[in-house]
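**Q** Have a look at this one before I ask anything.
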Amino acid sequence: MDESPGWDAIDNALRPLYGDASPLHLATLHKWSLGGPDPLDGISVYPRMEPVPHWHFVSYGMSELYAKESENPDESGWGFEFTFRVARDPAEEKPPMWAPNMLQNLARYVFKSGNWFEPGHHIDANGPINADRHDSEIRAVTFVTDPELGEISTPHGSVVFLQAVGLATEEYAVLRKWNVDELMKVLAPHLPLFVTDIDRRSLLAHPEVARAVQEGSTRDGSSSGLHYVPKVGWERTAGSTTLRLGANHAPQIADSLRGRLPFGRELILQGDDARLTFRPGDVYAVEEPLQGALDVHVPLAALDDLTAVLRPVAGRTAVASLPGLTVEIVPTVIKDRYGNDTDQVIG
């Protein structure tokens with residue numbers, strides 16, 4: 001009896017690409033299921049020369065490798081495995097170890113938070129995704145379906161090969177105004193197989209890319225209607241409401257509001273235990289539809305006043321055209337790639 005049918009299914013998906021070539025396999029010694037720190041049981045790494053030299057990382061552990069444990073018969077485990085393609089010097093014989101460390105960090109986030117990733121999701125790394133390269137502009141990650149591996153069926157359900165793609169800070173900012181699918185279409189000619197090169201600069205430096213982004217975001221607006229933010233809250237008294245938001249996310253929220261409300265779309269800010277929703281409305285109103293949730297209806301004429309107070313500076317500011325509404329910006333302590341507080345404070 002096959003003791004690891006899920007693992008074998010991944011190997012079978014890789015065989016058309018790599019034949020019987022033996023990858024470098026990075027096995028986890030102290031597994032998560034046994035109390036260890038790393039959720040992924042292992043990561044296989046393949047050296048590639050086409051279409052550009054790169055390392056192809058493939059994870060084992062986000063899906064059910066051994067036995068069916070989840071109650072969902074249609075998906076195996078979390079429903080995906082990570083892949084990652086990192087630019088490679090052709091003379092390089094060993095893969096960079098920051099890359100599998102990043103994949104373990106992403107897996108750790110999923111296992112701890114219960115929030116999974118899908119194509120089109122994205123995450124701010126709060127610094128270079130390779131922490132040893134302080135000058136790198138690649139400081140965020142989005143996810144696409146791996147263009148070569150796609151999705152497979154396994155004995156335990158379907159598995160999508162979810163490829164992490166590094167984005168420059170300027171490119172990541174576009175996601176708040178537009179959407180991942182359209183942005184990746186524009187970037188694709190410059191990123192064969194969406195290989196991540198931590199030494200590259202923002203592709204918005206190319207005039208044709210910048211023009212396509214400007215035209216697309218103006219035409220379509222933002223498709224990102226849900227943001228996970230660590231600091232979101234409010235206080236209400238008779239006739240007044242104070243919204244409390246973290247300084248680090250304030251400018252991002254402003255960009256998202258500009259890309260959502262004028263197009264008739266709401267923006268949801270989901271915190272650990274609170275949900276704040278901005279909705280387009282003919283008149284200003286504040287409602288509490290249920291405990292831990294607040295809806296703020298914003299007329300478009302007041303949008304500029306609202307976004308103007310969303311700056312990364314600690315303090316309290318009344319929104320002139322929304323009587324009774326105050327926005328309080330609180331300092332944000334930046335966390336490192338391991339989730340630990342650093343000495344850097346925004347606001």
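**Q** Within the stretch 71-87, identify whether any single residue is crowded, with 22+ Cβ neighbours inside 10 Å and of a type in the set (S, T, N, Q), and answer yes or no.
**A** yes
**Q** Answer yes if at least one residue in the stretch 216-236 is at pLDDT 95 or above and aromatic (Phe, Trp, Tyr), and no otherwise.
**A** Scanning the stretch 216-236, I find at least one residue that is at pLDDT 95 or above and aromatic (Phe, Trp, Tyr), so the answer is yes.
**Q** Could we say that Ile268 is of a type in the set (A, V, I, L, M, F, W, C), surrounded by 15 or more Cβ atoms within 10 Å (Cβ to Cβ) and assigned to a helix (DSSP H, G or I) here?
**A** Judged against the criteria, Ile268 is not a match.
**Q** While we're here: So Lys177 passes all but one of these: (1) under 19 Å from the mean Cα position of the chain (by Cα); (2) assigned to a helix (DSSP H, G or I). Which condition number does it fail?
**A** Lys177 satisfies every listed condition except (2).
**Q** Kindly indicate whether Pro251 is in contact with a Pro (Cβ under 7 Å, 6 or more places away or on another chain), in a helix (DSSP H, G or I) and under 21 Å from Lys177 (Cβ atoms).
**A** Working: in contact with a Pro (Cβ under 7 Å, 6 or more places away or on another chain): yes; in a helix (DSSP H, G or I): yes; under 21 Å from Lys177 (Cβ atoms): yes.
Taking the combined requirement at face value, the residue satisfies it.
**Q** Within the bounds of the stretch 164-175, is there any residue that is touching a residue at least 60 places away in the same chain (Cβ under 8 Å), of a type outside the set (A, V, I, L, M) and in contact with a strand residue (DSSP E or B) (Cβ under 9 Å, 6 or more places away or on another chain)?
**A** Scanning the stretch 164-175 turns up no residue that is touching a residue at least 60 places away in the same chain (Cβ under 8 Å), of a type outside the set (A, V, I, L, M) and in contact with a strand residue (DSSP E or B) (Cβ under 9 Å, 6 or more places away or on another chain).
**Q** Do we find that Leu106 is touching a residue at least 24 places away in the same chain (Cβ under 8 Å) and assigned to a loop (DSSP other than H, G, I, E, B) in this structure?
**A** No: the conditions fail for Leu106.
**Q** Please pick out the residue among Ala140, Ala125 that is in contact (Cβ under 8 Å) with a residue 60 or more places away in the chain and either outside the structural domain of Val45 (by TED's automatic domain parsing) or under 11 Å from the mean Cα position of the chain (by Cα) (or both).
**A** When all the criteria are applied, what remains is Ala125.
**Q** So which residues in the stretch 9-22 are aliphatic (A, V, I, L, M), surrounded by fewer than 16 Cβ atoms within 10 Å (Cβ to Cβ) and assigned to a helix (DSSP H, G or I), if there are any at all?
**A** Matches in the stretch 9-22: Leu17 only.
**Q** Now, a different point. What's the total number of residues in the stretch 271-284 that are buried (at least 17 other Cβ atoms within 10 Å of the Cβ) and among the charged types (D, E, K, R)?
**A** Final tally of qualifying residues: 1.
**Q** Would you check if Ala140 is under 25 Å from His56 (Cβ atoms), buried (at least 18 other Cβ atoms within 10 Å of the Cβ) and in contact with a Phe, Trp or Tyr (Cβ under 7 Å, 6 or more places away or on another chain)?
**A** It is true that Ala140 is under 25 Å from His56 (Cβ atoms), buried (at least 18 other Cβ atoms within 10 Å of the Cβ) and in contact with a Phe, Trp or Tyr (Cβ under 7 Å, 6 or more places away or on another chain).
**Q** Anything in the stretch 88-119 that is charged (D, E, K, R), surrounded by fewer than 16 Cβ atoms within 10 Å (Cβ to Cβ) and more than 30 Å from Ser70 (Cβ to Cβ)? List them, or say none.
**A** From the stretch 88-119, those charged (D, E, K, R) are 88-89, 92-94, 108, 112, 118; that's our starting set.
With surrounded by fewer than 16 Cβ atoms within 10 Å (Cβ to Cβ) added as a condition, the list becomes 89, 92-94, 112, 118.
Those that are charged (D, E, K, R), surrounded by fewer than 16 Cβ atoms within 10 Å (Cβ to Cβ) and more than 30 Å from Ser70 (Cβ to Cβ): Asp89, Glu92, Glu93, Lys94.
**Q** Identify all residues within the stretch 23-76 that are outside any loop (DSSP other than H, G, I, E, B), more than 25 Å from Val195 (Cβ to Cβ) and among the basic types (Lys, Arg); write none if there are none.
**A** Lys31 - this is the single residue of the stretch 23-76 that is outside any loop (DSSP other than H, G, I, E, B), more than 25 Å from Val195 (Cβ to Cβ) and among the basic types (Lys, Arg).
**Q** In the stretch 222-231, is there at least one residue being hydroxyl-bearing (Ser, Thr, Tyr) and over 30 Å from Val286 (Cβ atoms)?
**A** no
**Q** Residue check: is Tyr46 among the aromatic types (Phe, Trp, Tyr), more than 26 Å from the chain's Cα centre (by Cα) and either at pLDDT 95 or above or loosely packed, with under 15 Cβ neighbours inside 10 Å (or both)?
**A** No: the conditions fail for Tyr46.
**Q** Find all pairs meeting these conditions: Cβ atoms under 9 angstrom apart; at least six residues apart or on different chains; first residue within the stretch 179-206 and closer than 21 Å to His134 by Cβ; second residue assigned to a helix (DSSP H, G or I) and polar (S, T, N, Q).
**A** Hits for this filter: Ser202/Thr169.
**Q** While we're here: Name every residue in the stretch 294-347 that is modelled with pLDDT of 90 or more, at negative phi and in a loop (DSSP other than H, G, I, E, B), in order of residue number.
**A** If the condition is that a residue be modelled with pLDDT of 90 or more, at negative phi and in a loop (DSSP other than H, G, I, E, B), then Pro299, Val309, Leu310, Arg311, Pro312, Val313, Ala314, Val319, Ala320, Ser321, Leu322, Pro323 are the ones that fit.
The values are calculated or read from the model by the stated rules, or taken from the named source; none is laboratory data. Owing to the predicted nature of the structure, the values given are computational and were not obtained by experimental measurement. No Cβ is skipped: glycine too gets one built from the backbone with ideal geometry, and neighbour counts run over all protein chains shown.
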